[in-house]
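Bear in mind these aren't lab numbers, they're just calculated from the coordinates by the rules spelled out. Just so it is clear, the model here is predicted, and its values are computed rather than measured. Please note: Cβ atoms are built from the backbone with ideal geometry, for glycine as well, and neighbour counts cover all protein chains shown.
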Amino acid sequence: MARSKKRQRKKAPKPVRTKREKHGLNLTEASLKDVRRSLRLGQEHVERQEWADAVKHLLVAWNAMPEELTILTVLGHALAQLGVREYAIEVLQRALEVHEPTADLIAIIQRLALDMAMYDIAVKLGIQLVDLAPNMPQSYVNLATAYSGVDEFDESIDMLQKALPMFPSEASLWNVLATQVRERDGPDAADVFFEEAIRLGPDNPQFLSNYAISFGRRNQLDKALEFSQRAIELAPDLPEPRIAAAQLLFLKGQMEEAWEHYGYRLDIRRKSSQTQHYTHRLPEWQNEGLTGKSLLVAAEQGIGDEVMWGSYIPFLYEEAEKLYIGCDPRLVSIYKRRFPEAVVSGYLDRIVSGYRYRVFPVIEKMMADGDAVIDYYVPVGSAAKNNWHTTKGIEPHGEGYLSADPVRVQEFKMRALAISDRPKVGLAWRSGIISSERSFLYAGIEDLGPLMAMSDQVDFINLQYGEVTDELARFKNEFGVTVHNFSDVDLKADIEANLAIMSQCDLVVSSCSAPGMFAMSLGRPTLLMSAAPPWWCFGATPRVPFAKDAEVFFGETSTDWDGTVKQVAHEIQKRLRL
């Protein structure tokens with residue numbers, strides 16, 4: 001009987017749930033009004049690119065409605081622009097857990113992938129985004145940027161040529177096409193596209209900054225500086241035109257003005273993988289007197305730049321009561337030998353959400369344990385800022401500022417003598433990092449014929465680090481020349497070996513890359529091959545003012561490698577009296 005009554009009992013109807021209730025919310029009309037107001041204010045700040053203010057309001061809205069897609073999307077975008085990528089990723093992951101991917105979400109995630117140099121992922125997302133939102137010009141711009149990150153310029157240019165007829169007045173498409181064409185075909189081929197971008201967007205600082213690069217590559221320094229300065233006037237806080245202006249001003253010897261801009265190299269908004277956050281939390285040195293004070297010199301940028309700027313460390317070593325040096329781990333033994341009273345620590349880097357956090361473990365443990373009280377720190381690239389005010393004020397060290405390990409010197413002295421008794425010329429022809437934006441800076445092996453013609457008078461010793469087996473074979477196949485290589489030495493990892501080998505070279509011929517910097521730091525006669533005058537000649541070109549004996553050779557144009565290499569060959573003959 002009870003069972004039949006149970007079967008006859010009607011089920012209670014499900015309550016109708018609002019969207020807010022589905023999300024676990026029971027907002028009153030007043031609180032809903034506040035949420036809408038916070039969202040509106042957040043969106044208004046986003047439109048003005050006031051990211052911190054936008055996040056402040058959007059977080060209020062998100063706290064009340066944590067699964068609302070509009071709030072998730074706008075907040076994720078604002079957090080990414082503010083630079084806190086880990087929080088942006090958290091918000092976007094939440095959005096994808098409860099919503100189907102939208103064009104806006106994919107666009108934000110792709111932007112994060114680009115900022116974190118995850119270019120292969122950015123390409124895949126970009127292709128998906130173009131399919132989802134073919135009417136959004138920015139989709140094509142971001143996909144082109146991703147393609148350039150993996151050096152797929154043909155794909156990028158082909159895609160842009162198909163997109164431009166749909167958006168002929170979209171200046172950003174012309175700008176990105178110009179950058180792609182420049183990397184593939186050279187600056188001259190890109191001019192017409194830059195000019196169209198600037199015609200359509202004359203006040204866009206990014207367009208002007210990008211075009212400035214083209215003039216710089218053609219050694220049109222005044223024109224490059226003009227465009228960089230126009231970009232700075234329009235966007236004073238944008239890092240890239242500031243850094244470009246700094247390098248141009250350094251090159252012209254206008255040191256004090258250059259230093260004003262050069263600090264932007266450390267701006268965390270930069271896309272450079274060499275920009276880092278330090279974890280030591282020390283105040284930055286502002287040229288306070290160092291008598292009785294301690295100073296930490298902190299590594300930054302690549303090892304070549306670190307060694308170049310490190311040429312000023314001896315002066316700080318003499319001035320400070322106590323010097324602490326945080327450096328590339330490969331330099332620890334070298335710096336300990338040169339600065340025996342300093343505390344030297346290699347760094348450790350942690351990459352979190354695309355940001356680089358740099359720790360100097362030995363020094364920071366001493367600080368934590370109370371064994372070191374450090375008054376200031378200075379990034380190594382700013383070490384000379386307060387004294388290098390003019391080109392003439394840059395002082396080289398008489399015998400170089402570093403030295404080779406005597407034991408390793410003896411080792412490589414015997415190995416060099418075993419080759420022959422002819423003069424030894426160390427050779428490095430490129431950087432260890434070859435990207436589309438840097439490849440024009442270096443001669444190809446096919447350009448080095450005038451040097452190889454001297455192989456019956458000198459022995460060439462390989463100083464090029466990285467995998468060079470195929471390139472050494474090309475020297476043999478194309479010129480019949482053996483570039484002698486100590487194959488048991490890892491030139492990239494073992495900088496002590498680099499210095500010891502260079503100590504046995506009568507001359508070093510190098511591209512403007514780390515091996516050249518090592519040779520100059522050692523005080524070896526160094527001949528540098530460059531596509532253009534390097535900015536770190538500080539107005540003294542062709543002389544390198546911080547080096548004992550170094551000279552830069554370059555042709556009339558950035559592609560005139562034949563003229564450049566012939567100059568270097570002539571200089572070798574003159575110096576070695578061949």
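Brief remarks follow.
- Mean separation of Cα contacts under 8 Å, 6 or more apart, over the residue count of region 144-294: relative contact order %: 12 percent
- Sum of side-chain charges, Gly480 neighbourhood, beta-carbon under 13 Å (Lys, Arg +1; Asp, Glu -1): 0
- Added length on full extension, which subtracts the Cα-Cα distance from 0.36 nm per residue, Arg543 to Asp371: 57.6 nm
- For Val123, Val98, Val373, Val509, the sequence from fewest to most other C-beta atoms within 10 Å is Val373, Val98, Val123, Val509.
- Label point distance in nm, Glu556-Ile127, each placed 7 Å from Cα along Cα→Cβ: 4.6 nm
- Nearest-ten-degree value, helix 205-217 long axis tilted from longest Cα axis of the chain: 20 degrees
- Degrees between helix 85-98 axis and first principal axis of the chain (Cα, 0 to 90, nearest 10): 40 degrees
- Modelled label reach - His280, point 7 Å along Cα→Cβ, region 375-389 residues with backbone N closer than 11 Å: 375-380
- Percent of beta bridges antiparallel (DSSP, the chain, rounded to nearest 5): 15 percent
- Three-way shape call for region 203-272 based on the alpha-carbon gyration tensor, with the a/c threshold at 1.5: oblate
- Classified by the C-alpha gyration tensor, region 406-576 has a rounded form. Its axis ratio a/c, with a ≥ b ≥ c, is below 1.5.
- Degrees between helix 187-200 axis and first principal axis of the chain (Cα, 0 to 90, nearest 10): 30 degrees
- Net length gained if the chain between Asn287 and Lys392 were fully extended (0.36 nm per residue, minus Cα distance): 35.8 nm
- For the residue pairs Lys424/Lys492; Lys336/Lys413; Lys413/Lys574; Lys56/Lys162, the C-alpha atoms sit more than 31 angstrom apart in Lys56/Lys162.
- Here Thr70 and Ile268 are evaluated by their C-beta separation; at R0 = 35 Å the FRET efficiency comes out at 0.80.
- Multiplying the residue separation of Ser420 and Ser333 by 0.36 nm and subtracting their alpha-carbon distance yields 28.2 nm.
- Each other residue within a Cβ distance under 14 Å of Ala416 adds +1 if Lys or Arg and -1 if Asp or Glu, for a net charge of +2.
- Residue range of the chain that is longest and free of trypsin sites (Lys or Arg not before Pro) which are both DSSP loop and sparsely packed (at most 13 other C-beta within 10 Å): 49-280
- Annotation: average projected area of the chain is 37.6 square nanometres, based on the convex hull of Cα atoms across all directions.
- Distance (nanometres) between label positions extended 7 Å along Cα→Cβ at Ser403 and Glu446: 4.6 nm
- Paramagnetic label zone (point 7 Å from Cα along Cα-to-C-beta, Glu411; backbone N under 18 Å) in region 479-519: 485-505
- If you plug the beta carbon distance of Glu155 and Glu319 into 1/(1 + (r/R0)^6) with R0 = 41 Å, you get a FRET efficiency near 0.15.
- For region 276-387, share of DSSP beta bridges that run antiparallel, in % to the nearest 5: 25 percent
- Net +/- balance of residues flanking Ala171 in space, Cβ distance below 15 Å, scoring K and R +1, D and E -1: -3
- Approximating the spin labels as points 7 Å out from Cα along Cα→Cβ, the Asp53-to-Val352 distance works out to 3.0 nm.
- Sorting Ile334, Ile232 from the fewest to the most surrounding beta carbons within 10 angstrom yields Ile232, Ile334.
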